Amino acid sequence: MNRIILVLFSFFVISFADAQDRPSRPSNIKEKSLNPRYRDSLEKWRGKSQSSKAKKNEDAKIEDYKIISRENDTTYVDTTLTIFKDYKFNYLRKDDFDVLPFSNLGQTYNSLSYNFNSNNLMPSFGARARHLNYMEIDDINYYYVPTPLTELMFKTAFEQGQLLDAFFTVNTSKQFNFSIAYKGMRSLGNYQHILTSTGNFRFTTNYKTKNNRYNVRAHIVMQDLLNQENGGIKDNDIENFESGNPEFIDRSVFDPVFENAENTLEGKRFHLDHSYNLIQQKDSLNTNTLSIGNIVSFEDKFYQFDQTSQNIFFGDAFVSSSLRDKVTLEDFYAQVNAKYYNNKIGQLKFNIAYNDFNYGYDAIVSLGGNQITNRLKGNVISAGGEYKNRIGKFLVHGKFGINVSGDFDGNFLSGKAGYNINEDAQVEASININSKAPNYNFLLYQSDYINYNWQNNYDNIETKQLAFKFKSKKIVDVKLDYTSINNFTYFEKSTVDNDLVKPNQSSETINYFRVKVSKELKYNKFTLNNTIRYQNVLDGEGIINVPEIVTRNTLYYSNHFFEKALYLQTGVTFSYFTKYNMNAYDPLLAEFYVQNENELGGFPRLDFFINAKIKQTRIFLKAEHFNSSLTGYNFYSAPNYPYRDFVVRFGIVWNFFL
């Protein structure tokens, strides 16, 4: 079914986008108001020109193709080719500096660093290792475009399969926009039984009345992420891997721990956010707006682990065959809010919200005389507020939220202040305080495997973070934060329960410091792009494990060719992180757990790339980890899970403007 949808959608977007003339690039990135020339171009596009023949919009500028986030931050479509586009050309379509991918595309990622900044009041669903490609509400953007826009992204996978992300958006009028997109991926992988197959369908729409009093945004997202699991290579095969034994260079000859399991994460979400301006006053001196709004969101998701027969890797089981663990979450959220904006006072917003949750399983478990319930059901009423204002070169932004009644306690307070030193340099300081319940799977879990059954009454996880940013292209970019954590909750192997994975909550106060420095150095046509992170767990070592140093350095050459018809970038990227007690992976929970026996890492990764741009088409060719056979086979993404061998992969991103 996914393949049929993907083929039909690709045909649909291509049929709408047979033109490729790129709008001219603006001289700056400031958002521009609608002007008569823009209105005229829209009228032509809608068929109001004298000619009955369809015309391209020659007046549309690239900054008119707007991308709007949930928080109303607006950017525009960027068809340039930069090294940062190379960093984001991956399965997640995000910079993966702080994560380490597994051997196959679409598997999980191990974390090299953690950010504990959070404004959540409710616990999250479990199976966090499966959520890196799960699109949350904040990952969904809305659009405003003068002409239809299409983007196609393709990248080869490992062995049989490929990755395709197809997107189309159009404004049927100045007031109404919709977009439709589907990211589908299938990859067999180089090791036995690690096939991955994922799909992310997105539909968004936004509408505003001609007088701008009523605004509505909505989206529908449906996602399914399937992974075959094999438990990694066996302990007695570690030597065959690390020695570079020629008989095992073909990775398919390894016998994994098991070949009969898979896990699936599926979810669908319906989200609506609309508001109405009760007061809309604007003159030469003052702007006053008072609006009321409403948000309604419903998400239904489940995580499922299937295994055809019991394996001692997970301990004893209630049944010997056809094992299935399935947990569901139905989450309904409704909010009413009021927002006041004055160009001198700033923006004030208050809200009250209702959250109804239903998490759990279909049966009650009795284990060792203790009964484990099957459901966590309840509701929470919360309140919150926000203030934002720009005073000269200063930007002040603060938010708070608190659960005032219901089944979970929680609160957060965040604030930041930014200052523009000049056109090149900006500084920002921020604070974030959060208290919320641990994720649902720490509180309740059931399984056909005896060890994976528990019900806990853990305290709230409490975090306090101070952060500072300095950003300057001419000088350097610096980001640092210091976090204090109480009641940190994690998974680890329990020496009491036959060395099997169990949840735990720390009674220590953990202090965690990290700093990230980025700087690009240019000489003629050559550029050296550098990013390095230093981090240290001051208290709580052995609970939060991270490498002390993470670095990425890219040396590349860039130039125009063929009378500037072709723009080319080519170079080498060096990536490295120091050895540390890397978290291990549990495929039943789809979670990482703490281990302190094996230090892994300390292996270099060298990627050679050639990237090119022709009009709106960006082409990416990369020889990944080409040093794998030269610097030793000691590379792992997690204990018993080898990292990727040398491979050459190809991809393309193609934008169409009608």
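Every number in this text was worked out from the coordinates using simple rules, so none of it is lab data. Just so it is clear, the structure is predicted and the values come from calculations on it, not from any experiment. Positions of Cβ are generated from backbone atoms using ideal geometry, with glycine treated the same way; all protein chains shown enter the neighbour counts.
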For this session: Counting helices only, and only those DSSP H runs with n ≥ 4, report the 222 nm mean residue ellipticity of the chain as the sum of -39,500 (n - 2.57) divided by its residues, in deg cm²/dmol to the nearest 500.
Result: -1500 deg cm²/dmol
Exercise. Which Rg and Dmax, in Å, describe the Cα atoms of the range 153-240?
Worked result: 20.6, 71
Problem set entry | From the C-alpha gyration tensor of the range 549-610, square roots of 5λ in Å | 39, 15, 7
Exercise. Taking the Cα centre of the range 563-658 as origin and charging only Cβ (+1 Lys, Arg; -1 Asp, Glu), how large is the dipole, in debye to the nearest 20?
Worked result: 640 debye
Problem set entry | Exposure proxy order (Cβ contacts within 10 Å, fewest to most) of Ile180, Ile292 | Ile292, Ile180
Problem set entry | Distance histogram for the chain (every C-alpha pair counted, 20 angstrom bins, percent rounded to whole numbers) | 16, 51, 31, 3, 0
Exercise. So, with +1 on the Cβ of K and R and -1 on the Cβ of D and E, and no other charges, what is the size of the charge dipole of the range 482-597 about its Cα centre, to the nearest 20 debye?
Worked result: 900 debye
For this session: For the range 558-573, take each phi angle, set θ = phi - 60°, evaluate the Karplus expression 6.51 cos²θ - 1.76 cosθ + 1.60, and give the result in whole Hz per residue in order, putting x for glycine and proline.
Result: 9, 6, 9, 9, 6, 6, 6, 6, 10, 10, 10, 10, 8, x, 10, 10
Seminar exercise, completed: Expressed as a whole-number percentage, the relative contact order of the chain with C-alpha contacts under 8 angstrom and at least six residues apart is 12 percent
For this session: Under 12 Å from the Cβ of Ile544, count the other residues' Cβ atoms, weight Lys and Arg +1, Asp and Glu -1, and hand me the total.
Result: -3
Seminar exercise, completed: Taking the dipole of the range 65-142 about the Cα centre (Lys, Arg +1; Asp, Glu -1; charges at Cβ), the one of Ile140, Thr75, Ser103 that reaches farthest to the positive side is Ser103
Problem set entry | Most positive-pole-ward Cα, Thr489, Asn422, Gln465, against dipole of the chain from beta carbon charges | Asn422
Problem set entry | Translational diffusion coefficient (Stokes-Einstein; Kirkwood radius from C-alpha pairs) of the range 303-393 at 4 °C, 1.567 mPa s, in µm²/s | 72 µm²/s
